[in-house]
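Every number in this text was worked out from the coordinates using simple rules, so none of it is lab data. Values in this document were obtained by computation on a predicted structure and should not be read as measured data. In this analysis, Cβ positions are derived from the backbone assuming ideal geometry, glycine residues included, and neighbour counts consider all displayed protein chains.
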Amino acid sequence: MKATKAILIPLFYLGFTSFFAPSKSDNNVFLCMGKGSKRYHYIKNCRGLSNCSTKIYEVTLKKAKEMGRTLCGWED
Ligand SMILES: [Zn+2]
């Protein structure tokens, strides 16, 4: 039993940290869902998102492109 726990806890911890890590390698981007928004952002606190009046959504880069979004002018 002890051996199983020792394996599961590091795995859980790794999954947890990678989920919250602000990394580009996970291919997630941020979108504003406001009326005029046509961009996606790599950085959640980007200038282009700071005047977003709606909720900010996190989606995969692939999904953002499917939605017709292009990279934010501050980040290209
Ligand atoms: Zn941006």
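Nothing charged except the Cβ atoms of Lys and Arg (+1) and of Asp and Glu (-1): what's the magnitude of the dipole of region 24-76 about its Cα centre? Round to the nearest 20 debye.
Working: 11 positive and 5 negative charges, 32 e Å.
Dipole magnitude for region 24-76 comes out near 160 debye.
For region 24-76, the share of alpha carbon pairs falling in successive 5 Å distance bins from zero is 4, 24, 37, 27, 7, 1 percent.
Placing a label point 7 Å from the Cα of Trp74 along the Cα-to-Cβ direction, the residues of region 25-48 with a backbone N closer than 11 Å are 41-48.
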